[in-house]
Amino acid sequence: MIIAEKTTRQCTKTDVYCKNREKGLEKTVSYRNTIKFGLIITLCLGLSIAFCTSATGNSIDDITNSKIKSYTNNALHLGAPALNTSSRLIYRDAIETIKGGNWKEGKKKLLLARDLSSDYSAPSYTLARIELMHAHPDFIIYFLEGLNKDTMSFYKRNLLLINIEITLIIALGITLFVYLVLLLIKYSSKFNHKPMEIYSKKIAFPPPKYLGLMIITGLLFMRLGLAIYALLLIIIVWSYISRKEKTVLLILVILLSFSSFFIGKRNNLVPGIDEYSITRRLSLINEKGADKKTIQLIKEIDSPEFRAERNFALGTLMYKRDELETAKEYLRRSVSEKNDLESAYINLGNIYFKEGYFDKALAGYRNASSIDSTNAVAQYNIGQTCIKKMRFRLSSSALTKAGEFGIERYKKENPAITFGNNEILDSGFRKSDLRRIAAREAKNRKLVLIDEIIGDWIFLPFSYMWFLLPISILIGGIIKRLLPKEWNVFNCDNCDNPVCPNCVDSEHGINLCKDCSEIIKGLSSVKVTEALLRRRRQKITKKTTSSEWKKMLFFPGGTHIYTKKTFSGVLIIFISSIAILSLVWNGFYFKDPRYEFTSFSLWKMILYLTILVIEVVISTRVSNPRKNKSYNILPQETHIEQSGEKSWYKTENHKSPGVKNIEAGKDENFSGVFMDTL
Amino acid sequence: MAFEGDVKDFGLSEIFQLISVQQKSGMLLVNCEKKIAIFFHDGMIVSTRDRRDRTRDPLKDYLLRYGFLNRSEMNNLQQIQIETKLDLTEIMLSEKYYSEDELKTIFTDQIYETIQEILSWPKSHYKFISGNKLLQGVKNFSSIRVDAVLMESMRRIDEFPRLKTTFPSLEMMFKNIAKQDNKLPELTRNEDFIYELLEEEMKLSELISKGKMASFNIYEALKGLLEKELLQIARESIPEIETPLHKEKNEIYSGKRVLPTFATLLTLLACLFIGEFAIPSVLAPGWPLHSVQANPNRYIASTTKTYLAGNLEEIKTRQLEKKVRSALSEYMAERKSYPLTLEILSIRGFIPEETCTRANQAGFKYKLDKNSQSYLLNRE
């Protein structure tokens, strides 16, 4: 009121001000209207999108095939939490429909197939492919959904983990072996030099150049296994490789030793994929209804160690079959044997709920909730029981908690419950329970799975690698220290041939091999460098480099290692190893037996081949080094003696003072030692 | 402030001119076959000696290459340099190897030759760093104008190939022609010096190493002398034939032949025997697994019955069984009855044919009951 009066008073003062003020108020009102209008429009749009989008799930009535529908109803009647078989059949039907050209109908069926199963990812991936082909961004959602399904159930997650573990360990092993072989090729001339020198002094035939080949052949004939070969290679190459290469080798050895020590001795994942293990049998109650076969499989478990879990599983199955008295008996036994099985309390509560004893039911759920206060099913069932007891406030609070603790996630994991009118929800084994059961069961298994897969190839048990690999490095290091100086092999500064202190010629201030030394013998000073360069041109660029280069191309990444791009080289080898393994196994090592349509997938093969081809192309695109090397050489008459000391012991790239620098490798422009300057 | 680039984008001669016109002081680093530093002061070239890199002194090279100093003299100078830490030019002056004027000439010629070398590089990378601070400690005997250096260098680059066709080999022998009346035509300073040197027959390479001037000047002087008929080529060198140096050597090893061959063959046979019989009999491939399978009680911890598959093969067989059972369930769901045989599953596309074959190989026996509503799948 006071403000209004003030405004009126001000208006009387000046008309102009008043008019402006009115205009301002009008504008403000119009802005407010615009905002309101915008909000309404947004709300309408939002609501229309929300309601136009299919919010209702697919129902069993959408299944057109009467036989499948009847089978599905039967499965639902037996309390199946997911309808995997129906989902797979509808998926097959959808594929046929799409092949027939009716992709809209096919898509509808795919959506239904997707909704029926919690861990069958094929419909989601096919939907993603269809959306991608129609340039629709929804393909990302379907793709992520597929990935989620691949890790949702205990079985799928276990399968994925064990496959990743196997692939990574084997790929790591292949990478180490290939890397060592590549290093052997790279430094073969150095390894061979000294033995060849000794051999050639005493033996004329077989020729010394075949010495390395003979040793390799002998070792291969002995079939000692890849592990022993790898250990031998580590011992041999350790003395000659560069610091960077040693670092990479050490990283690989540490990773493999770590795998050998920890993962190699762990079998916890095996029971999860073994179709008749106790873990797998018990986990069936999370996947299937209470059919006779499942009950039979669980009844067969007679191990006292797992009696509580067995009784819980049987109780749950009996509850699903509506045999409430039997179910109650099993579940009671279960909780008396193991009083922290909250799922047993929930299902016991469910039986009381069905019998109409809501207080007892509530007591059961509260027991479960006291063991695990974040149990969404317990809270949901408390909420439902409270409704029955007309205690709506409590019900509302419990249902809110159930929402917070992930009841939606539970529904996604058990999609079949959305097809029935389930007032209350039953509970199976949780993933953590199954993991614990698997760990207990795995204690009985002493065989290491990875040994079983690669045992024939590596000969030594993989579980020994954690100490054998570091020992081989230690031996390599000791050998390097014990090697006499005469065995210290380095490269000729001109042609890169290996030379040792016994055969080096360092008269000219650089380290020359026998052949280079022979060539310049008796030449005038000005001709020395010309002759050396000519030899270098002929020896290196035409012969040695090309043959070594070809050998390094035998595996992707070899050329990177040759050109000292060691880290990227090893990475390429690792990726290529994974691609090769995937190609050999047509995917992962273990496959889900429930969902294997065909034994061969062209798309997968194309993918792995593409990766391999890319790796090969990357490898071949590394340019062949011309081995340009600048060094200084003095003509004989101007050579400065360094107080009688030979230079090769000091440094590999000796630089004599006051001399001409010659760049080797620019052969076509070369015209003599002094001409080169001009 | 610094600018840099490649010669292919912006030529070195232009860079030189730019520095000259702008009268800049600083260091131009040119990097190709080797790294050379050129120092400018107010747009004039003052030195090409990089004091940071003592192992590669272009002046030292120049002095040795063209015989200004011999090996022992250079040894002495270096010894003094190590002891006194003085610059080479300062020692040469103090030890009176050359006067300051002579040193200035040598220094200038050396700069000419270095610049000429840089300009002849087809590809190079340059970087100019501006600032007077960079010139601190740079020994300077003369400041040379950039345009003079460029013109001279271009002339040398143009003319040198022609001189080389006249004197193609370093093995060519020369001798001067003495005039009977001792009346020589007018000779340049270089021609005069070379003429005197050629009192005795000398190879071109030898002449270069004793000529005390840049090789281009020697060639030019020789050409001048030849035109003035004061030079005779004593012996034409034989054109060089590039003999293949990597010809196949008939390596003749002096050692034994028969005994080592037998020994090698025997060793290889022994290796084969070890690989084929000895090792498999002691430790068969996959021996850790076989030992477990042979003695399961040793490895299975408890006395309780284990439901876990004993080995990998068993896991795979169980998976195979699961696959067949899943397919049978699907068949039942779709057709309301189980198939008559497993082959029907593969025919209808429920399992691949390979799975059916594997199931048969694994010894699975499928039996259908009379009303086709249940089945038995057992392993033999």
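Tallying residues that are part of a helix (DSSP H, G or I), over 18 Å from A:Leu183 (Cβ atoms) and either within 14 Å of chain B (Cβ to nearest Cβ) or touching a residue at least 60 places away in the same chain (Cβ under 8 Å) (or both) within the stretch A:221-262 yields 7. Criterion applied to B:Lys133, B:Lys96 was being surrounded by fewer than 17 Cβ atoms within 10 Å (Cβ to Cβ) and under 30 Å from B:Lys8 (Cα atoms), and the one residue passing it is B:Lys133.
Taken together, the residues in the stretch B:329-367 that are in a helix (DSSP H, G or I), within 28 Å of B:Leu312 (Cα to Cα) and within 14 Å of chain A (Cβ to nearest Cβ) amount to 11. For the stretch A:462-491, what are the residues that are touching a Phe, Trp or Tyr at 6+ places or on another chain (Cβ under 9 Å) and either assigned to a helix (DSSP H, G or I) or facing chain B (nearest Cβ under 8 Å) (or both)? Scanning the stretch A:462-491 gives A:Ser463, A:Met465, A:Trp466, A:Phe467, A:Ser472, A:Ile473, A:Ile475, A:Gly476, A:Gly477, A:Ile479, A:Lys480, A:Lys485.
Scanning the stretch B:217-236 for residues that are in a helix (DSSP H, G or I) and surrounded by fewer than 22 Cβ atoms within 10 Å (Cβ to Cβ) returns B:Glu220, B:Lys223, B:Gly224, B:Leu226, B:Glu227. Inspection of the stretch A:209-217 identifies no residue that is in a helix (DSSP H, G or I), at negative phi and within 27 Å of the chain's Cα centre (by Cα). When B:Asp87 is tested against the conditions (1) of a type in the set (D, E, K, R); (2) at the interface with chain A (Cβ under 10 Å from one of its Cβ atoms); (3) more than 23 Å from B:Ile208 (Cα to Cα), the lone failure is (2). Considering (1) of a type outside the set (Val, Ile, Thr); (2) farther than 24 Å from B:Leu69 by Cα; (3) away from chain A (no Cβ under 14 Å); (4) surrounded by 16 or more Cβ atoms within 10 Å (Cβ to Cβ), the lone condition that B:Lys179 does not fulfil carries the number (4). Cβ-Cβ distances below 9 Å connect the following pairs, each with a first residue in the stretch A:475-493 that is closer than 16 Å to A:Ile510 by Cβ, a second residue that is acidic (Asp, Glu) and loosely packed, with under 15 Cβ neighbours inside 10 Å, and a separation of six or more residues or different chains: A:Phe490/A:Glu652; A:Asn491/A:Glu652; A:Asp493/A:Glu652. Between residues in the stretch A:439-461 that are facing chain B (nearest Cβ under 7 Å) and on the phi > 0 side of the Ramachandran plot and residues that are surrounded by fewer than 21 Cβ atoms within 10 Å (Cβ to Cβ) and at pLDDT below 85, which pairs lie under 7 Å by C-beta distance while being six or more apart or on different chains? Every condition considered, the pairs that remain are A:Phe459/B:Pro285. Under the condition of being assigned to a loop (DSSP other than H, G, I, E, B), in contact with a Phe, Trp or Tyr (Cβ under 8 Å, 6 or more places away or on another chain), at the interface with chain B (Cβ under 9 Å from one of its Cβ atoms) and over 15 Å from A:Arg440 (Cβ atoms), the residues counted in the stretch A:268-299 number 1. Considering the stretch B:1-87, the qualifying strands (runs of 3 or more DSSP E), each wholly inside and each with 2 or more residues that are farther than 19 Å from B:Lys104 by Cβ, run over B:2-6, B:26-31, B:35-41.
Only residues that are within 14 Å of chain B (Cβ to nearest Cβ) and either of a type in the set (D, E, K, R) or touching a helix residue (DSSP H, G or I) at 6+ places or on another chain (Cβ under 7 Å) (or both) were counted across the stretch A:172-218, and they come to 17. A:Leu78 meets all of the listed conditions (1) crowded, with 21+ Cβ neighbours inside 10 Å; (2) farther than 14 Å from B:Glu330 by Cβ but one, namely (1).
B:Gly67 meets the conditions (1) surrounded by 15 or more Cβ atoms within 10 Å (Cβ to Cβ); (2) touching a residue at least 40 places away in the same chain (Cβ under 8 Å); (3) under 33 Å from the mean Cα position of the chain (by Cα); (4) closer than 20 Å to B:Ala37 by Cβ in every case but one. The failed one is (4). You will find that of B:Leu150, B:Leu163, B:Leu197, the residue that is in contact (Cβ under 8 Å) with a residue 12 or more places away in the chain, more than 14 Å from chain A (Cβ to nearest Cβ) and closer than 16 Å to B:Gly224 by Cα is B:Leu197 and no other. A count restricted to the stretch A:296-323 and to residues that are crowded, with 16+ Cβ neighbours inside 10 Å and touching a residue at least 24 places away in the same chain (Cβ under 8 Å) stands at 16. Each residue in the stretch A:96-120 was checked for being among the polar types (S, T, N, Q) and buried (at least 23 other Cβ atoms within 10 Å of the Cβ), and 2 of them qualify. Assessment of the stretch A:185-196 against the conditions (under 32 Å from the mean Cα position of the chain (by Cα), on the phi < 0 side of the Ramachandran plot and assigned to a helix (DSSP H, G or I)) yields at least one matching residue. The set of residues from the stretch A:65-91 being facing chain B (nearest Cβ under 10 Å), in a loop (DSSP other than H, G, I, E, B) and at pLDDT 85 or above comprises just one member, A:Leu83. Only one of these conditions is not met by A:Arg129: (1) among the charged types (D, E, K, R); (2) assigned to a helix (DSSP H, G or I); (3) buried (at least 21 other Cβ atoms within 10 Å of the Cβ). Which number is it? Looking at each condition in turn, A:Arg129 falls short on (3). Taken over the stretch A:239-265, the criterion of being more than 16 Å from A:Leu449 (Cα to Cα) and in contact with a Leu (Cβ under 9 Å, 6 or more places away or on another chain) is satisfied by A:Ser239, A:Tyr240, A:Ile241, A:Glu245, A:Leu249, A:Leu252, A:Val253, A:Ile254, A:Leu255, A:Ser257.
Of the numbered criteria (1) under 28 Å from A:Ala531 (Cα atoms); (2) modelled with pLDDT under 80, the one B:Gln180 fails is (1).
Within the stretch B:257-265, is even one residue over 42 Å from the mean Cα position of the chain (by Cα), modelled with pLDDT under 85 and more than 9 Å from chain A (Cβ to nearest Cβ)? Scanning the stretch B:257-265 turns up at least one residue that is over 42 Å from the mean Cα position of the chain (by Cα), modelled with pLDDT under 85 and more than 9 Å from chain A (Cβ to nearest Cβ).
Checked against the criteria, B:Glu113 does not count as outside the structural domain of B:Ile36 (by TED's automatic domain parsing), within 38 Å of the chain's Cα centre (by Cα), buried (at least 16 other Cβ atoms within 10 Å of the Cβ) and touching a residue at least 40 places away in the same chain (Cβ under 8 Å).
The values are calculated or read from the model by the stated rules, or taken from the named source; none is laboratory data. What you are looking at is a predicted structure, and each value in this text was computed from that prediction instead of being measured. Cβ coordinates were reconstructed from backbone atoms using ideal geometry, including for glycine residues, and neighbour counts include every protein chain displayed.
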